[in-house]
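First comes the structure, then the notes that go with it.
The values are calculated or read from the model by the stated rules, or taken from the named source; none is laboratory data. These figures come from a predicted structure and were not determined experimentally. Note: ideal-geometry Cβ built from the backbone for every residue, glycine included; neighbour counts use all protein chains shown.
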Amino acid sequence: MSDAIKKLVKISTLFILICIQYPCYANTAQINSTHTYVENNTYYLDAAYDFELSEEAYKALRHGISFEIHAHFQLRLKRSWLWDKTISEKILIFKLEHKPLTENFLTIDLTTGLRHSYDNLDAALNHITSIFRMTLFDQDILVENERYIARIRAFLDIESLPPPMRPQAYFSPSWDLSSEWYEWELVR
Amino acid sequence: MNRGSKLILLIGSSLFIFMLASLVMMSQALQNSELFDRYYSILLVLNTVGLISLIVLILLNVKRLIRQFKNKIVGSRMTVRMVMLFTLLSVTPVLIVYYFSLDFLHRGIDSWFDLRVEQALDDSLELSRLALDVRMRELLTTTEKIAEELNETSDAELPFDIDQIRERISAYELTLLTRKGGVIASSSSDTKTLVPDTPGKTILLQLLQGNSYIGLDVIKNANLLIRVVASLPTVDINKEDRIVQALYPISERMNQLAESVQSSYIEYKELSYLREQLKVSFIIILTLVLLFSMFSAVWAAFYSARKLSEPVKNLAEGTKAIAEGDYSTRLPVPGNDELGFLVASFNDMTDKISQARDSVKRSQQETESQRNFLETVLSRLSSGVIVFNKDGTLEKSNISANQILQIDVETLEQKNIATLIEDFPNLTDFFECISSNIEEQLDEWREQITLPNKTGNLILMINGATLIGADGLARGYVIVFDEITALIRGQRDAAWSEMARRLAHEIKNPLTPIQLAAERLRHKYLSTMNATDAEMLDRMTNTIIQQVDTMKEMVNSFSDYARSPEFNPEEINLEHLIQEGRDLFSNMNAENEIEIEIEPELPAIIGDEKKLRQVFNNLLTNAVDANEVGEENHLIISAKSIIIDSNQMVEVRVKDNGPGIDAQVVNKLFEPYITTKQKGTGLGLAIVKKIIDEHAGTVWLENNNDKNGACAVVRLPALNQSIQTTKTQTV
């Protein structure tokens, strides 16, 4: 192998490692608490999480860029020999916008279409990050004596950003606004 | 086009179309196309992968080309040149366009943004706010009055009065709440709304501080509303503090204008914020397009160069194959263009060369066949044949030439005739004869020459002819010669035999009557004559009788020479015959000292004993007669076995101690009537020659090396050789 090719391989490896390492630096979202409960044979979720916009993200919001913040729930069946199987998942998507005329922050629940306007960002984020009575799944899908893991994470969907921003957003820690998976066990 | 080329073309074209479509979609996505917007990132990755594929494809091509160039594969240099040329021609304009496009891109995007436009948008937004501000102040006053009014209304009347109040103030929604946000009473123009929109915590906090709230807001229907929240005046300490919230709609027109101003402002701000990212994105797309165009052009250059150089490479390889003698090469015709015509012409040429080669091969085979035929004929020809080129260099000879001239003529090939004259003094007459006739430039000539030979003179009849080439000029000379010694000798012997036979017949017949008549004369008249006459008669008749006897002897000799008695072959031991001869001549004269040297176990021969006895007698007679009368004769008779040309022979030598033989006559003494003796008939050696020839042997005379006397040499085939010779002759 020639020196030039060796050099190219080294640079490529370094680049890939840097890309992989990026998400480890920023963790601006965090799931604080979850509570699942059953009513009328249906599982519901109450959850609260922190979601903090980076300076760059706040600046973009103030400049008319709208965000989509996802709360992604998964129910997974634990298996001994195979990888876990996802048997149910729900996504709660909120759109966050800034309205310059009223200087308000608008939240739109894309599932229900409900809009709420807030005169400050914290209030808007507080609305988004408080999940109350989110319908998850029927209790019947849980089988006795099986182990289930429920998990949730919140993140900013980079694909909701305008296309010109996406390449940079994928590689910038300022835009890596996502939490780790928060897991808890469910047993019927 | 073969399957590999089709596959490469298909892959290349597919990649080209895919990347082109992908770039178009990316461009559309940047322009906010909803269809491609969500695939922007994937398209970016796919384009990068496609680009990397193109780079890999090109690198593979470059590597292959370098390998071919290093290995000096035919056509590689041409491909390199064409690739470089195509690449230069295609990449240069693309790079120029890229450079100016970048410049235009920067200028174009920057030109979207202007401080005046930004200021105008800010002002219009501010104007919208101010326009609404007047209305909002009016509504605040109205709402505060309503608060006072509601404060005076009893709780029982509230559900009824609140509707009237809302309708009177033309509010969208009117709600009475506790300080903590609990709804006491509410009225809405939207009958579908069951739950009223409540103010947020911030607003409630602001009211706690004693300030009313007024602001623009957006709720369910996305239209702008004016939200006014005011505290009710506290009258009763025991009564919980209350607040009233009124949502006033804005006129449709104002709503549209406000929304238009706001959306324009947001759009401008968004573009302003995305300015650099937009530039980067456009540069990425432009760079992708550039790289895609460049690599496509380079790959197309490789493909085109290979396609163009392929027929030339085939032609070069085909030419090389033809140069190496392979005329079966057929090249695939690339198309109907000039290259195709060239390749087709090459194939035609190869066909014609192949046909010509076959024709030449056939001619060569025919020539070879004719040459073999000629060589076979020449080798079987009893005549000697030699060929000289026009410069007088010996080029060809046959076996008979070797046998006749008794040299290996083949070793003399490529030698000039002048050299041959110098190198072979015994053949000088032969080569000089040829040389002189060649110099005279005669078309045909014929000459007879005699060459001195150990066993006698060799008489050759030489025929010469000039070989005329296709151009009509002399290209060589062919010499055909025959040894006619035996023929001449045979003719001469026959003539002499005939003459001897006639002489004997014509002379011998009258001799007897002459002798008888002489004897009768003597007998009748001798007694009757006187003494003197009687003496004369006696002397004369005696002379007649003696001369007649002499003549009778001579005639008998003639008769013996002419006569060819029956040949009675039998196994003969020569030692016995030699012993007899020695005894006969020793007894005849005591002065004859005859020494015998015979090899032990001398091979026997096949022959006629009587005739061979006569041979030795004649040779011994000649040896004895070589010395003058009274001189002592010292003869040596030797016999031994020798190998001549792989044939076993018995050689007998009869040496005398006489004066030797004159060199001028040494080869003529075997001819009839040639003699050096005064009393000889000249037939003794002729008879010897005749008998030895009948025994397939050779005989010659030579002077001794010590120059003391002469030697007669007789060579006869040994018994085994005789049998083989006989068998060969029979076959």
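Could we say that residue B:390 is more than 15 Å from residue B:481 (Cα to Cα) and touching a residue at least 40 places away in the same chain (Cβ under 8 Å) here?
Yes.
List pairs: first residue in region A:52-65 and under 19 Å from residue A:123 (Cβ atoms), second residue of a type outside the set (A, V, I, L, M) and modelled with pLDDT of 90 or more anywhere in the structure, Cβ distance under 6 angstrom, at least six positions apart or on different chains.
Listed pairs, sorted by first residue: A:61/A:98; A:62/A:98.
Out of everything in region B:519-536 that is loosely packed, with under 12 Cβ neighbours inside 10 Å and of a type in the set (Ser, Thr, Tyr), what residue ends up being farthest from residue B:547 (Cα to Cα)?
Within region B:519-536, the match that is farthest from residue B:547 (Cα to Cα) is B:528.
Restricted to region B:383-425, and to residues that are within 21 Å of residue B:461 (Cβ to Cβ) and in a loop (DSSP other than H, G, I, E, B), which residue is modelled with the highest pLDDT?
B:383
If you take the residues in region A:161-188 that are charged (D, E, K, R), more than 14 Å from every other protein chain (Cβ to nearest Cβ) and within 20 Å of residue A:53 (Cα to Cα), which one is surrounded by the most Cβ atoms within 10 Å (Cβ to Cβ)?
Looking at the filtered set, the residue picked out is A:176.
What single numbered condition from (1) in contact with a His (Cβ under 9 Å, 6 or more places away or on another chain); (2) crowded, with 20+ Cβ neighbours inside 10 Å; (3) part of a strand (DSSP E or B) fails to hold for residue A:124?
(3)
Kindly indicate which of B:292, B:282 is crowded, with 17+ Cβ neighbours inside 10 Å, over 24 Å from residue B:126 (Cα atoms), within 12 Å of another protein chain (Cβ to nearest Cβ) and modelled with pLDDT of 80 or more.
Every option except B:282 fails the conditions.
Out of everything in region B:69-109 that is touching a residue at least 12 places away in the same chain (Cβ under 8 Å) and under 14 Å from residue B:278 (Cα atoms), what residue ends up being surrounded by the fewest Cβ atoms within 10 Å (Cβ to Cβ)?
Going through the qualifying residues, I end up with B:106.
Would you confirm, using the coordinates I've provided, whether residue A:158 is in contact with a Leu (Cβ under 8 Å, 6 or more places away or on another chain) and either in contact (Cβ under 8 Å) with a residue 40 or more places away in the chain or surrounded by 20 or more Cβ atoms within 10 Å (Cβ to Cβ) (or both)?
Here the answer is no, as residue A:158 does not meet what is asked.
If a residue has to be part of a strand (DSSP E or B) and closer than 22 Å to residue B:567 by Cβ to count, how many in region B:590-638 make the cut?
Qualifying residue count for the region: 3.
Taking residue B:663 as meeting all but one of (1) small (Gly, Ala, Ser); (2) farther than 17 Å from residue B:711 by Cβ; (3) assigned to a loop (DSSP other than H, G, I, E, B), write down the number of the exception.
For residue B:663, the exception is condition (2).
Do we have any residue at all in region B:594-605 that's touching a His at 6+ places or on another chain (Cβ under 8 Å), of a type in the set (Val, Ile, Thr) and over 20 Å from residue B:658 (Cα atoms)?
Yes.
Anything in region A:133-174 that is in contact with a strand residue (DSSP E or B) (Cβ under 7 Å, 6 or more places away or on another chain) and either closer than 19 Å to residue B:44 by Cα or assigned to a helix (DSSP H, G or I) (or both)? List them, or say none.
Correct list: A:139, A:141, A:157, A:160.
Suppose we filter B:97, B:45 for residues that are part of a helix (DSSP H, G or I) and either within 14 Å of chain A (Cβ to nearest Cβ) or at pLDDT below 85 (or both); which single one remains?
B:45
Among the candidates A:152, A:91, which residue alone is at pLDDT 90 or above and surrounded by 14 or more Cβ atoms within 10 Å (Cβ to Cβ)?
After applying the criteria, what remains is A:152.
Take region B:243-259 and flag every residue that is crowded, with 19+ Cβ neighbours inside 10 Å and modelled with pLDDT under 85.
B:250, B:258
Scan region B:260-276 and tell me whether some residue there is touching a Ser or Thr at 6+ places or on another chain (Cβ under 6 Å), at pLDDT 80 or above and within 13 Å of chain A (Cβ to nearest Cβ).
There is at least one residue in region B:260-276 that is touching a Ser or Thr at 6+ places or on another chain (Cβ under 6 Å), at pLDDT 80 or above and within 13 Å of chain A (Cβ to nearest Cβ).
Would you be able to say whether some residue in region B:270-279 is touching a residue at least 40 places away in the same chain (Cβ under 8 Å) and in contact with a Leu (Cβ under 7 Å, 6 or more places away or on another chain)?
Yes, that holds for at least one residue.
Return the only residue of B:29, B:21 being modelled with pLDDT under 75, of a type in the set (A, V, I, L, M, F, W, C) and under 30 Å from residue B:267 (Cα atoms).
When all the criteria are applied, what remains is B:29.
Collect the residues in region A:31-79 that are small (Gly, Ala, Ser), within 24 Å of residue A:150 (Cβ to Cβ) and surrounded by 14 or more Cβ atoms within 10 Å (Cβ to Cβ), keeping them in residue-number order.
A:47, A:48, A:71, listed by residue number.
Results for (1) over 23 Å from residue A:29 (Cα atoms); (2) within 11 Å of chain B (Cβ to nearest Cβ); (3) touching a Ser or Thr at 6+ places or on another chain (Cβ under 6 Å), shown as yes or no for each residue.
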site	(1), (2), (3)
A:69	no, no, no
A:73	no, no, no
A:91	no, no, no
A:103	yes, yes, no
A:106	no, yes, yes
A:109	no, no, no
A:116	no, yes, yes
A:120	no, yes, no
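Could you list all residues from region B:355-387 that are touching a residue at least 40 places away in the same chain (Cβ under 8 Å) and surrounded by fewer than 13 Cβ atoms within 10 Å (Cβ to Cβ)?
Hit for region B:355-387 is B:382, nothing else.
Just checking, does region B:221-230 include any residue being surrounded by fewer than 21 Cβ atoms within 10 Å (Cβ to Cβ) and part of a helix (DSSP H, G or I)?
There is no residue in region B:221-230 that is surrounded by fewer than 21 Cβ atoms within 10 Å (Cβ to Cβ) and part of a helix (DSSP H, G or I).
Return the residues of region B:209-222 that are within 11 Å of another protein chain (Cβ to nearest Cβ) and modelled with pLDDT under 85; say none if nothing qualifies.
B:215, B:216, B:217, B:218, B:219, B:220, B:221, B:222
With within 22 Å of residue A:97 (Cα to Cα) and outside any strand (DSSP E or B) as the only criterion, which of B:272, B:281 stands out?
Testing whether each residue is within 22 Å of residue A:97 (Cα to Cα) and outside any strand (DSSP E or B) leaves just B:272.
Here's the yes/no breakdown for (1) assigned to a helix (DSSP H, G or I); (2) closer than 30 Å to residue B:306 by Cβ; (3) within 14 Å of chain A (Cβ to nearest Cβ):
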| site | (1), (2), (3) |
| --- | --- |
| B:78 | yes, yes, no |
| B:84 | yes, yes, no |
| B:87 | yes, yes, no |
| B:90 | yes, yes, no |
| B:107 | yes, no, no |
| B:111 | yes, no, no |
| B:119 | yes, no, no |
| B:127 | yes, no, yes |
| B:148 | yes, no, no |
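Out of (1) closer than 19 Å to residue B:248 by Cα; (2) surrounded by 16 or more Cβ atoms within 10 Å (Cβ to Cβ); (3) free of Cβ contacts under 8 Å to residues at least 40 places away in the same chain; (4) within 14 Å of chain A (Cβ to nearest Cβ), what's the single condition that is false for residue B:206?
Only one criterion in (1) closer than 19 Å to residue B:248 by Cα; (2) surrounded by 16 or more Cβ atoms within 10 Å (Cβ to Cβ); (3) free of Cβ contacts under 8 Å to residues at least 40 places away in the same chain; (4) within 14 Å of chain A (Cβ to nearest Cβ) is unmet by residue B:206, namely (1).
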